[in-house]
1. Are any residues in region 80-104 assigned to a helix (DSSP H, G or I) and closer than 15 Å to Asp19 by Cα, and if so, which ones?
2. Regarding region 43-65, can at least one residue be identified that is surrounded by 14 or more Cβ atoms within 10 Å (Cβ to Cβ), at pLDDT 85 or above and not aliphatic (A, V, I, L, M)?
3. For Glu3, work out the one condition from (1) within 20 Å of Ala109 (Cβ to Cβ); (2) at pLDDT 80 or above; (3) of a type in the set (D, E, K, R) it doesn't fulfil.
4. May I ask you to list the residues in region 75-120 that are among the polar types (S, T, N, Q) and either closer than 19 Å to Val139 by Cα or free of Cβ contacts under 8 Å to residues at least 24 places away in the same chain (or both)?
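The values are calculated or read from the model by the stated rules, or taken from the named source; none is laboratory data. The model shown is predicted, which means the values in this text are computed figures rather than measured ones. Heads up, the Cβs are rebuilt from the backbone with ideal geometry, glycines too, and the neighbour counts pull from every protein chain shown.
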Amino acid sequence: MLERFKTILVTTDFSELGDHAITHAFRIAADNGGSVILCHVLETIVTPSPLYAQYYPTDLVTPEVRARAEEDATKALLERVPKDPPFSQVPHSVRLIHGSPSREIVHLAEALKTDLIVISTHGRTGLKHWLLGSVAEQVIRH
């Protein structure tokens with residue numbers, strides 16, 4: 001049985017590896033007559049404990065800063081859409097969401113009933129991987 005990927009969700013963190021995944025997603029969509037949902041997750045900043053809140057830069061969570069981050073991220077996503085045929089002819093949309101990257105990617109994929117998630121990994125190893133894991137690995141688990 002041949003799988004047809006009609007709705008493809010691709011995520012990027014704007015790293016070189018993350019951007020490389022975008023090309024693959026558009027190639028798969030072009031080959032399958034599908035569409036691409038290009039997504040970036042803005043991580044939610046956790047409110048600090050009141051015990052050390054005076055050391056926390058509160059200007060990072062103002063509505064103006066949040067709006068600017070959303071605007072910049074949306075612009076960056078649109079700049080990453082391939083411009084050359086046949087990829088330029090692939091239907092696509094852009095999604096910007098807030099929260100925990102792995103959790104929000106899984107929720108979006110479920111809500112949109114995507115057929116495929118294309119995501120890159122940073123390839124952390126050793127202690128960093130053990131402590132932090134990877135968003136890609138967490139998405140695969142869920």
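1. Listed by number, the list holds a single entry, Phe87.
2. Within region 43-65, not a single residue is surrounded by 14 or more Cβ atoms within 10 Å (Cβ to Cβ), at pLDDT 85 or above and not aliphatic (A, V, I, L, M).
3. It fails just one condition, (2).
4. Within region 75-120, Ser88, Ser100, Ser102, Thr114, Ser120 qualify.
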